[in-house]
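Participant: Sending over a structure as structure tokens; questions will come in a sec.
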Amino acid sequence: MNFLPSVNERCHKKASAFTLIELLVVIAIIAILMGLLFPAGQSAINAAKKTTAKNQVVQIATAITAYETEYGRLPPVSASSVDSGLVTILCTANDTVNNPRRLIFLEANAWKNGKGGTNSSGAFCDPFGSNSAYSIKLDTNYANSLSNMPAQSGNTVTTTTTLSKHVGVWTIWTNGTGAGATRTLINSWD
């Protein structure tokens, strides 16, 4: 019995491993595909953050309207943003002076990137940054309009914004820097 392979058998058995060139080509193809997918992925992330911010501005406006319905008055607002005082009134049962029935009008978790929430100082911030608290303005004279509200483009303000609720909540997200930056107004009155 001959246990050694014949010359024909040795010629048919070639190495089936990748060469260095083939490996580099595969890595280059993967890198090109990742380069093409990254902008699309970032665009999808930004769209999700804008949708989250839109949902949150509407939730804040609805919570303030529910507070008004419950107590017959708008909550006391000491700032032009959803600061820790307003968060305490709407999100906890801890303010027995302004919320004696201890109702929770709005759920707010700790801030997370892409999710929004309350930051370390207690302000309710948008999903774009933990220092970007939602802005707020109340229609205290019940005229169903607010003046000096932000516009969609540029840094101008509009003279009047018509409201269906007695509160305007908004955030402004700027994508990029310099001349190519785009400004997006996300508000509760659209």
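Participant: Which one of Thr162, Tyr134, Asn119 has its Cα pushed farthest toward the positive end of the charge dipole of region 57-190, where Lys and Arg give +1 and Asp and Glu give -1 at the Cβ?
Facilitator: The residue sitting farthest along the positive end of the dipole is Asn119.
Participant: A follow-up question, please. Can you give the local net charge around Leu74? Use residues other than it whose beta-carbon is closer than 9 angstrom to its beta-carbon, Lys and Arg +1, Asp and Glu -1.
Facilitator: Values: positive: Arg73; negative: Glu68, Asp139.
Around Leu74, the surrounding residues sum to -1.
Participant: Leaving out same-chain residues fewer than 8 places away, which aspartates and glutamates sit with a Cα under 15 Å from that of Lys112?
Facilitator: Asp126
Participant: Assign unit charges at the C-beta atoms only (+1 for Lys and Arg, -1 for Asp and Glu), then state the dipole size of the chain relative to its Cα centre in Debye, rounded to the nearest 20. Kindly include the intermediate steps, with their values, before the conclusion.
Facilitator: Working: 14 positive and 10 negative charges, 90 e Å.
Charge dipole of the chain: 440 debye, to the nearest 20.
Participant: Compare the peptides 115-121, 73-79 by average per-residue count of other Cβ atoms within 10 angstrom and give them in order, highest first. Show your work: numbers first, answer last.
Facilitator: Numbers: 115-121: 16.7, 73-79: 14.0.
Going by the mean number of other Cβ atoms within 10 Å, highest first, we get 115-121, 73-79.
Participant: Here are several values of Rg/Rh (Cα atoms, Kirkwood Rh): [x] 1.39; [y] 1.03; [z] 0.95. Which one was derived from the coordinates shown?
Facilitator: It is the one labelled [x].
Participant: Along the charge dipole of region 20-187, which of Ala44, Asn148, Phe105 sits closest to the positive end, that is, farthest toward it, with unit charges on the beta carbon of Lys, Arg, Asp and Glu (+1, +1, -1, -1)?
Facilitator: About the Cα centre, the residue reaching furthest to the positive side is Asn148.
The numbers here are math on the coordinates, done by the rules we state, and not lab data. The structure displayed is predicted, hence computed values, not measured ones. Heads up, the Cβs are rebuilt from the backbone with ideal geometry, glycines too, and the neighbour counts pull from every protein chain shown.
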